Amino acid sequence: MVSRGRRDADIRRHKPKREPKHRILIVAEGKATERHYFSAFRQKVKNPLVHVEVARETGVPVTVVEIAKRERDIAAQRAKEEKDENLLWNEVWAVIDVDEHPNLEAAQKAATESSIRMAVSNPCFELWLLLHFQDQRAHIHRHKAQSMMRQHLPDYDKVLDGKSFDRIHAGYEDALRRARELAEEAARHGSPGRNPSTGVPALTESIRAGGAR
């Protein structure tokens, strides 16, 4: 007869080990819109296999990449000290607008060297939001993209409330298709990343899928 203590020890030994969640850290250039959007998107997709956190600290492109790298390295050091893989960031993204930044190439170089993934929108993050409502094939200035958002959402501002996010998200599949068409057209012309284009879908799809592993 197996003793109760022996039986309990066997149960503990064979207890299934829970796999750590796929953790995604997002560091964005914008102070409000991007943080509100990704926080709401994370809740909307309700993927229990992924943990998404949006950093509150922001900056210009090079600074955003530096913040992303710093936060990843801090988490890695803490995971090592505490022997806990759940503390690691599996994906770290820098969300950046082209706008009129003079040092974007430096940011891209730093991101590549640090294995930080970038979601770049040209001219700005509002292009991604706008694609939820309409096509946008022509070159567009960021101020125009922002004003056009207000045509679809009269109360739109850089702070997205739940109602505004729901109206935007209703067009998510259309936005994916439109963004891919823009990317394909830019590639055909040998000008990837040109205005208008956005790399945000790669990030949102990674969140929705539970992480690009």
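The values are calculated or read from the model by the stated rules, or taken from the named source; none is laboratory data. Remember, predicted model here, so these are calculated numbers, not experimental data. Cβ coordinates were reconstructed from backbone atoms using ideal geometry, including for glycine residues, and neighbour counts include every protein chain displayed. Protein only, heavy atoms only, side chains kept; ligands, DNA and RNA dropped before computing areas. Shrake-Rupley method; radii C 1.70, N 1.55, O 1.52, S 1.80 Å.
Please give the number of the condition residue 67 fails out of (1) assigned to a loop (DSSP other than H, G, I, E, B); (2) in contact (Cβ under 8 Å) with a residue 40 or more places away in the chain.
Evaluating residue 67 over (1) assigned to a loop (DSSP other than H, G, I, E, B); (2) in contact (Cβ under 8 Å) with a residue 40 or more places away in the chain leaves (1) as the failure.
If residue 26 meets every condition in (1) open to solvent by less than 60 Å² (accessible area, probe 1.4 Å); (2) farther than 19 Å from residue 113 by Cα; (3) at pLDDT 90 or above apart from one, which number is that one?
(2)
Please go through the stretch 115-126 and give me each residue that is crowded, with 21+ Cβ neighbours inside 10 Å and part of a loop (DSSP other than H, G, I, E, B), ordered by number.
116, 123, 124
Quickly run through the stretch 170-213 and pick out the residues that are closer than 30 Å to residue 20 by Cβ, in a helix (DSSP H, G or I) and open to solvent by less than 40 Å² (accessible area, probe 1.4 Å).
172, 176, 200, 201, 203, 204, 206, 207
Out of the residues in the stretch 127-169 meeting the condition of being open to solvent by 90 Å² or more (accessible area, probe 1.4 Å) and under 24 Å from residue 46 (Cβ atoms), tell me which one is modelled with the lowest pLDDT.
The selected residue is 163.
Going by the structure shown, is residue 106 open to solvent by 20 Å² or more (accessible area, probe 1.4 Å), part of a helix (DSSP H, G or I) and in contact (Cβ under 8 Å) with a residue 60 or more places away in the chain?
No, not satisfied.
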